Amino acid sequence: MPLAAEPVEALEEGGNQQQLLLATKGGPALEGLVVGSYCHDVLIRGGRVVGETLGGAAAFVSNVLDAASPREEEEQEAAPFVVVSKVGRDFAYASAPAPARRPPLLCASPTTSFHAQFSEAAASAHAPDRELRRVRACDPIYPADLPDRRFAYGLAVGVAGEVLPETLERMIRLCRAVLVDAQALIRAFDADGAVCHVSLEDTPYARLLPRVAFLKASSEEAPYVGVETARRRCCVIVTEGRDGCRLFWDGGEARVAPFPAVQVDPTGAGDSFLAGFAAGLLWGLPATDAALLGNFFGAAAVSQVGVPTFHPKMLQAVKEILEDKTTKRSSPCINGTTFTLERSNMHDELHTALQETARLMSEQQQADPANGNGGDICST
């Protein structure tokens, strides 16, 4: 599948071009751009506030990219990517015990805040069991807020309408490949702030789809995306919770199996999926195989409240699995002029290895319920 982004010929001579033409092991790391705001999430159950936590897709995405991206060197602590996010002076997680991993831009308006009203009924793994309401909105992210340099990949992950059409277009010009979460394009809010959706075809974003590499949508968002139309323009990934996910492209599709999960909080599952998927591409996996890594981190995210803290042993196991399965690949699949979408001949082996790791972590979570709080939580 052709890479839907600005052509490499558009780059200036020398200098920045090295950022895009990179190999994995032994070479400079691929730099990414994440665009979307941090939020304050208030968790409500039975009419009572049960917790407050750092939220926003940028928080969940940066958490997984830092955890799962390949490193240039073993001692490198953080993955090479930039987050462009806006918050107000009321932002509570600038210096909390588990703060936002990348500093945001400060503006005069208040930090975007969501109230998540959870149902009392037990939820199935990943199932949406909450109603979201936006109670405050920060300023949008403008094209001028983005760094003026080239990036290997970009993730547009708005949650409250903060990624403007012109900002997404600027991302496409700056990044070799752009991955987009549909919620950044089709979310709308009624007079009370309740989340609703609009048809993607009725938005200014629709014309940009042919220049997007991957578009991720939940099964609830998929009807508003119009999968059959969108798949002719880019690869569409539909996440289906406990049923895994499906990939659709012009001329083909694939189903990718899920992983076991003990659901505590479904918030951030889709964001973690998209970041895990991007990390899989960085490791050199074709798209259908990379979706396994997306499913894995989506399942891991729902096992904790807020931005999850991943167990070091789990991350080490995942790293060893990926190193073993990608040793013969010379460059990341997010780089170059095409993407491989079909599953590889090692797809089932990769799923089995990750499934065993997920099972062990799930058993540990059930045995130690105290692990259900990730990130920074204020119980009320």
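Distances longer than 25 Å among the Cα atoms of region 108-242: what percent of all pairs is that? Walk me through the intermediate numbers first.
On the way: 2775 of 9045 pairs.
Value for region 108-242 (Cα pairs over 25 Å): 31 percent.
Skip the ligands, DNA and RNA, and give the accessible area per residue of region 100-210 with a 1.4 Å probe, whole Å². Mind dumping the intermediate values first?
Values: 4590 Å² over 111 residues.
Per residue, region 100-210 has 41 Å² of solvent-accessible surface.
Output wanted: per-residue J couplings in Hz (rounded whole) for region 299-308, from phi through Karplus 6.51 cos²θ - 1.76 cosθ + 1.60, θ = phi - 60°, x for Gly and Pro.
Couplings: 5, 5, 5, 6, 7, 9, 8, x, 5, x Hz.
Fully extended, how many nm does the chain gain between Cys107 and Asp348 (0.36 nm per residue separation, minus their Cα-Cα distance)? Can you show the working numbers first?
Values: separation 241, 0.36 × 241 = 86.76 nm, distance 4.75 nm.
Roughly 82.0 nm would be gained on extension.
Taking amide H positions as placed 1.01 Å from N in the peptide plane, with prolines and chain starts having none, which residues 5 or more places from Val305, or on another chain, fall under 5 Å of its amide H?
Close amide H contacts, sequence-distant or interchain: Asn373, Gly374.
Pick out, from Thr203, Pro223, Cys235, the residue whose Cα sits farthest towards the positive end of the charge dipole of region 169-247, with +1 on the Cβ of Lys and Arg and -1 on the Cβ of Asp and Glu.
The one lying farthest along the dipole's positive direction is Cys235.
Which distance in nm do the two modelled labels at Asp90 and Arg48 give, with both placed 7 Å along the Cα-to-Cβ direction?
Here the modelled spin labels are 2.5 nm apart.
Let me make sure I get this right: for region 195-343, a, b and c are the square roots of the gyration tensor eigenvalues over alpha carbons, sorted descending. Under 1.5 in a/c it's rounded, otherwise prolate if a/b > b/c, else oblate. Which is it? Can you show the working numbers first?
On the way: a/c = 2.12, a/b = 1.21, b/c = 1.76.
Verdict is oblate for region 195-343.
The values are calculated or read from the model by the stated rules, or taken from the named source; none is laboratory data. Remember, it's a predicted structure, so these values are computed and weren't measured experimentally. For neighbour counting, all protein chains shown are included, and Cβ atoms are generated from backbone atoms with ideal geometry for every residue, glycine included. When the accessible area is computed, the model is the full protein with side chains, heavy atoms only, and any ligands, DNA or RNA have been set aside. Shrake-Rupley method; radii C 1.70, N 1.55, O 1.52, S 1.80 Å.
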